Amino acid sequence: MKISKLIKTSFCLVLIGTFFVSCKEQPKLETSRTSNSGHPSLILTQQGVKDIKANLGNIPVFDKSLITTQKEVDAEIKKGIDVPIPKDYSGGYTHERHKRNFVVLQKAGALYQILGDEKYANYVKDMLMQYAKMYPSLPVHPKPRSYARGKLFWQCLNDSNWLVYTSQAYDCIYDFLTEEERNILETDLFKPFADFISKENPQFFNRVHNHSTWGNVAVGMIALVMDDDSLLQRALYGLKDVQINPNAKDNDGGFINKDGKIGFFANLDEPFSPDGYFTEGPYYQRYASYPFLIFAQALQNKKPELKVFQYKDSVLLKSVTALINLSDADGEFFLLNDAQKGMSYYTSALVSAVDIAYHFGGNNPELLSIAEKQEKVALDDAGLAVALGIKEGKTKPFVKKSIELSDGPNGDQGAVGIVRSSGLELVFKYTAHGLSHGHFDKLSYSLFEEGDEVVQDYGLARFVNIEQKGGGNYLKENKTWAKQTIAHNTLVQNEVSHFEGKYDIGSQYHSNKYIFSVENENLQVASAKEENAYPGTKLHRTMVFIKDADYNKPYLLDIMRVTSKNYNQYDLPFYYLGHIMQTSFEYSKLNRPEVLGTKSGYQHLYKEASATTNGENIKLNWLHNNKFYSYSAITSKDDEVILGRIGANDPEYNLRNGPTLILRKKKAKDALFVSTVESHGTYNPVTELAVNAYSNIKNIDVLYNSNAYTAVKIEMKNGKIKVFIISNENNDEDAEHKLTINNKDYTWKGSYIFTENK
């Protein structure tokens with residue numbers, strides 16, 4: 001059926017207001033039938049379908065999305081239905097076929113409601129009947145790797161994905177089916193399916209983790225379709241009176257929740273901070289956003305008394321804008337914890353998230369600009385609201401500014417600081433561990449320019465859904481390399497990862513915020529402390545973006561203070577991306593690279609060259625994406641500089657071979673690492689001209705360093721001298737300070753001062 005223009009009728013989109021309440025207790029579920037028992041009623045509603053039909057042909061982004069979806073589903077219908085016996089890991093045929101099936105089922109159901117063509121309803125019915133015929137005798141999946149094996153897929157997580165999507169399809173064709181057909185589907189497929197991923201796998205279902213969120217939502221979505229409040233109770237509040245080994249681990253090292261809080265609302269309470277930051281990081285927040293927001297939308301439509309969008313001070317609505325802020329200029333998410341490079345807000349999960357946040361969050365016009373970039377909307381009530389907002393010219397730009405997003409359920413477990421200035425974006429991590437997907441990288445950072453990674457976080461060691469690489473699952477190098485501290489831009493003591501690289505230790509602690517001051521665009525400061533990564537050692541890192549009118553781009557000042565009770569070896573790696581142009585120091589290049597160490601990630605690093613410093617500054621100049629960058633660092637006499645590369649002990653070529661510079665201090669008790677990073681020039685391969693190819697910084701020096709204060713001098717090549725001083729123990733904004741250095745008095749109010757002298 002082609003999309004035709006229909007007579008427009010006026011309609012009203014029912015929106016949840018922006019009234020925020022703090023929910024200390026989980027909402028109570030009414031035990032009556034759901035308030036809206038008609039179908040569809042989850043994502044599409046009966047009124048929403050009428051409104052969509054009334055506007056078809058006159059809402060460009062929705063019309064385009066509908067045409068694209070219709071072509072996609074029609075092609076699948078032409079191929080015929082295939083419901084194979086499961087046998088593969090991620091990336092294998094049966095895995096990908098069942099995954100494709102649930103996506104197409106959901107879309108076909110929406111097409112039936114919007115277009116009224118029964119071929120889509122029959123397609124959904126016929127496929128579901130095949131699943132219902134297969135499911136009762138289906139054994140547990142033959143692949144044994146997961147802590148909670150599924151039936152259709154190798155893990156219950158993917159089974160839950162299937163049920164979340166398929167529930168929507170069932171809702172859309174519910175009234176098309178006969179009572180007998182519904183009875184078959186519910187008796188032979190849906191109820192056993194819900195029991196399997198919950199009752200038969202409580203170690204999967206009763207947790208605080210993105211896995212459990214999918215499981216809770218899967219059970220909840222099918223419960224809403226079937227008006228089964230007993231199942232819905234299970235989804236919202238978890239399985240009660242189920243004995244689970246409290247020390248049971250999944251394959252990533254996660255633990256069963258020990259606080260007694262389980263179910264959907266517990267997964268809202270625990271992983272989200274009041275700012276909407278998800279403790280596992282933006283990559284998994286993106287993954288979990290779909291079930292969180294889809295279920296919230298369904299609950300709002302069928303159980304409005306739960307006020308899910310107001311829960312925890314509207315944290316779900318906040319989470320969408322938080323996630324957008326956790327992306328670079330191209331919309332790609334920053335690599336915090338386990339994360340694959342390239343994931344962005346163009347993924348379908350974020351299309352739905354943006355639509356839902358707009359529709360139920362008070363019509364924030366900035367979200368429309370993200371939807372315009374996505375160039376598609378979900379085929380539901382929320383997608384219609386966005387399409388109408390864009391059509392009516394309500395769009396305003398979503399301006400990403402410097403922002404600090406707290407971590408922890410109460411916002412008191414550290415944070416992520418994102419500092420933006422003139423196209424540069426600093427991502428500074430001082431969070432809690434991040435559940436099973438966390439990395440051992442306290443006070444690490446990465447740097448971006450105009451969407452390009454300049455100083456990288458490695459991310460995860462996995463080729464998602466590529467069968468050739470470990471069945472598309474996590475590779476062993478994710479634990480031996482990607483999670484280890486040396487894989488990140490932060491300090492390593494004695495070649496041992498933070499918290500000994502042990503989840504059960506690291507998950508007990510978080511870093512602490514110290515300063516986040518970004519009001520002055522010319523001087524933005526983020527500072528944090530970590531006192532538990534190494535017993536007896538305290539780390540304090542301060543990152544400063546300095547915008548100088550004499551130069552096109554700001555530069556970054558990095559101050560890492562280390563104080564310890566013992567003498568140690570300290571390594572500070574710097575994972576630049578690009579090609580070395582020049583160094584200020586003479587190095588000895590090895591004829592054959594040597595493996596840097598034996599454990600804690602060091603076994604995956606090659607040492608290619610090294611140098612011993614004489615106490616002067618070192619400088620590394622490199623080219624990346626036709627831009628010139630320089631790293632300058634203060635050194636002490638006999639520090640070691642190691643030029644290294646990722647890729648040792650990697651027989652299957654699972655790792656990317658990026659370069660690094662490691663500054664090493666041996667037999668040091670207290671230490672101070674100070675460096676700068678500049679973006680200062682460009683190269684044009686057409687004109688073959690290099691502009692501003694060299695650093696603008698002549699020298700950096702430590703003027704003063706004590707427990708109370710640290711002062712750094714930056715001498716520019718134009719003769720100007722800058723001095724930055726930070727109070728190391730007092731971050732009170734109203735505190736007054738006086739410090740005399742070289743017979744010069746510095747007085748200021750607040751935690752830091754920045755001065756300039758010619």
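The values are calculated or read from the model by the stated rules, or taken from the named source; none is laboratory data. Just so it is clear, the structure is predicted and the values come from calculations on it, not from any experiment. Glycine gets a Cβ as well: all are built from the backbone with ideal geometry, and neighbour counts include every protein chain shown.
Return the only residue of Leu316, Leu367, Leu293 being surrounded by 24 or more Cβ atoms within 10 Å (Cβ to Cβ), out of contact with any Phe, Trp or Tyr (no Cβ under 7 Å at 6 or more places or on another chain) and either assigned to a helix (DSSP H, G or I) or in contact (Cβ under 8 Å) with a residue 40 or more places away in the chain (or both). Write out each step before concluding.
On the way: Leu316 fails: out of contact with any Phe, Trp or Tyr (no Cβ under 7 Å at 6 or more places or on another chain); Leu367 fails: out of contact with any Phe, Trp or Tyr (no Cβ under 7 Å at 6 or more places or on another chain).
That would be Leu293, the only listed residue that is surrounded by 24 or more Cβ atoms within 10 Å (Cβ to Cβ), out of contact with any Phe, Trp or Tyr (no Cβ under 7 Å at 6 or more places or on another chain) and either assigned to a helix (DSSP H, G or I) or in contact (Cβ under 8 Å) with a residue 40 or more places away in the chain (or both).
Checking each residue in segment 75-96 for being surrounded by 15 or more Cβ atoms within 10 Å (Cβ to Cβ) and either aromatic (Phe, Trp, Tyr) or without any contact (Cβ under 8 Å) to a residue 24 or more places away in the chain (or both) picks out Tyr89, Thr94. Against the criterion of being touching a Leu at 6+ places or on another chain (Cβ under 7 Å) and closer than 24 Å to Ala296 by Cβ, Val208 does not qualify. From the list Glu530, Glu495, Glu519, Glu500, the lone residue that is surrounded by fewer than 24 Cβ atoms within 10 Å (Cβ to Cβ), touching a Leu at 6+ places or on another chain (Cβ under 7 Å) and either assigned by TED's automatic domain parsing to the domain that holds Leu663 or touching a residue at least 40 places away in the same chain (Cβ under 8 Å) (or both) is Glu530. Based on this model, can you work out whether Gly451 counts as crowded, with 20+ Cβ neighbours inside 10 Å, in the same structural domain as Tyr576 (by TED's automatic domain parsing) and either within 19 Å of the chain's Cα centre (by Cα) or at pLDDT below 95 (or both)? It is false that Gly451 is crowded, with 20+ Cβ neighbours inside 10 Å, in the same structural domain as Tyr576 (by TED's automatic domain parsing) and either within 19 Å of the chain's Cα centre (by Cα) or at pLDDT below 95 (or both). Scanning segment 345-358 finds one or more residues that are within 15 Å of the chain's Cα centre (by Cα), at pLDDT 95 or above, assigned to a helix (DSSP H, G or I) and surrounded by 24 or more Cβ atoms within 10 Å (Cβ to Cβ).
For segment 718-728, does any single residue satisfy the condition of being outside any loop (DSSP other than H, G, I, E, B), more than 16 Å from Val525 (Cβ to Cβ) and outside the structural domain of Lys619 (by TED's automatic domain parsing)? Even if it seems obvious, please write down each step before you answer.
Our first condition is that a residue be outside any loop (DSSP other than H, G, I, E, B); within segment 718-728, this holds for 721-727.
Add one more test, that the residue is more than 16 Å from Val525 (Cβ to Cβ), and what stays is 721.
Next, only the ones that are outside the structural domain of Lys619 (by TED's automatic domain parsing) stay: 721.
Within segment 718-728, one or more residues are outside any loop (DSSP other than H, G, I, E, B), more than 16 Å from Val525 (Cβ to Cβ) and outside the structural domain of Lys619 (by TED's automatic domain parsing).
When restricted to residues that are within 19 Å of His680 (Cβ to Cβ) and in contact with a strand residue (DSSP E or B) (Cβ under 6 Å, 6 or more places away or on another chain), segment 447-477 contains 5. Given the criteria assigned by TED's automatic domain parsing to the domain that holds Gly434, buried (at least 20 other Cβ atoms within 10 Å of the Cβ) and within 30 Å of Asp88 (Cα to Cα), does Gly506 qualify? So Gly506 fails the test. Of the residues making up segment 107-133, just one is buried (at least 24 other Cβ atoms within 10 Å of the Cβ) and among the polar types (S, T, N, Q), namely Gln113.
Conditions (1) at pLDDT 95 or above; (2) in contact with a Pro (Cβ under 7 Å, 6 or more places away or on another chain), marked per residue:
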| residue | (1), (2) |
| --- | --- |
| Leu384 | yes, no |
| Lys396 | yes, yes |
| Ala415 | yes, no |
| Leu460 | yes, no |
| Glu467 | no, no |
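Looking at this structure, is Gly470 at negative phi, over 22 Å from the mean Cα position of the chain (by Cα) and not acidic (Asp, Glu)? Steps first, please.
Details: at negative phi: no; over 22 Å from the mean Cα position of the chain (by Cα): yes; not acidic (Asp, Glu): yes.
For Gly470, the condition - at negative phi, over 22 Å from the mean Cα position of the chain (by Cα) and not acidic (Asp, Glu) - is not met.
When Val61 is tested against the conditions (1) of a type in the set (A, V, I, L, M); (2) within 19 Å of Ile294 (Cβ to Cβ); (3) surrounded by 20 or more Cβ atoms within 10 Å (Cβ to Cβ), the lone failure is (2).
What's the total number of residues in segment 690-702 that are in contact with a Gly (Cβ under 6 Å, 6 or more places away or on another chain) and part of a strand (DSSP E or B)? Show your work before the answer.
Taking segment 690-702 first, the residues in contact with a Gly (Cβ under 6 Å, 6 or more places away or on another chain) are 691-693.
Next, only the ones that are part of a strand (DSSP E or B) stay: 691.
Total satisfying the criteria: 1.
Residues checked against (1) closer than 22 Å to Phe448 by Cβ; (2) surrounded by fewer than 16 Cβ atoms within 10 Å (Cβ to Cβ); (3) touching a His at 6+ places or on another chain (Cβ under 6 Å); (4) not assigned by TED's automatic domain parsing to the domain that holds Ala528:
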residue	(1), (2), (3), (4)
Ile580	yes, yes, no, no
Leu605	no, no, no, no
Asn614	no, yes, no, no
Asp638	no, yes, no, no
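Among the listed residues Leu523, Leu475, which satisfies the condition of being hydrophobic (A, V, I, L, M, F, W, C) and more than 21 Å from the chain's Cα centre (by Cα)?
Numbers: Leu475 fails: more than 21 Å from the chain's Cα centre (by Cα).
Testing whether each residue is hydrophobic (A, V, I, L, M, F, W, C) and more than 21 Å from the chain's Cα centre (by Cα) leaves just Leu523.
Quick check on segment 704-712. Is at least one of its residues under 35 Å from the mean Cα position of the chain (by Cα) and either basic (Lys, Arg) or outside any strand (DSSP E or B) (or both)? No, segment 704-712 contains no residue that is under 35 Å from the mean Cα position of the chain (by Cα) and either basic (Lys, Arg) or outside any strand (DSSP E or B) (or both).
So, Leu703, is that one outside the structural domain of Tyr445 (by TED's automatic domain parsing), modelled with pLDDT of 95 or more and surrounded by fewer than 22 Cβ atoms within 10 Å (Cβ to Cβ) or not? Yes, satisfied. Filtered by the rule that a residue be within 17 Å of Asn757 (Cβ to Cβ) and under 35 Å from the mean Cα position of the chain (by Cα), segment 715-728 gives Phe724, Ile725.
Scanning segment 223-269 for residues that are outside any helix (DSSP H, G or I), at pLDDT 90 or above, surrounded by 18 or more Cβ atoms within 10 Å (Cβ to Cβ) and not aliphatic (A, V, I, L, M) yields Asp228, Gly238, Gly263. From the list Thr676, Thr682, Thr687, Thr660, the one residue that fits, being outside any strand (DSSP E or B) and assigned by TED's automatic domain parsing to the domain that holds Tyr575, is Thr687. Of all the residues that make up segment 198-229, how many are under 18 Å from Phe265 (Cβ atoms) and within 27 Å of the chain's Cα centre (by Cα)? Here the count works out to 20. How about segment 134-156: which of its residues are among the aliphatic types (A, V, I, L, M) and either more than 15 Å from His98 (Cα to Cα) or surrounded by fewer than 23 Cβ atoms within 10 Å (Cβ to Cβ) (or both)? Correct list: Met134, Leu138, Val140, Ala148.
When you look at Lys151, is it closer than 23 Å to His209 by Cα, in contact with a helix residue (DSSP H, G or I) (Cβ under 7 Å, 6 or more places away or on another chain) and either of a type in the set (D, E, K, R) or free of Cβ contacts under 8 Å to residues at least 12 places away in the same chain (or both), yes or no? When the stated conditions are applied, Lys151 passes them.
Taking (1) closer than 15 Å to Ala387 by Cα; (2) modelled with pLDDT of 60 or more; (3) of a type in the set (A, V, I, L, M) in turn, Leu13 satisfies each apart from (2).
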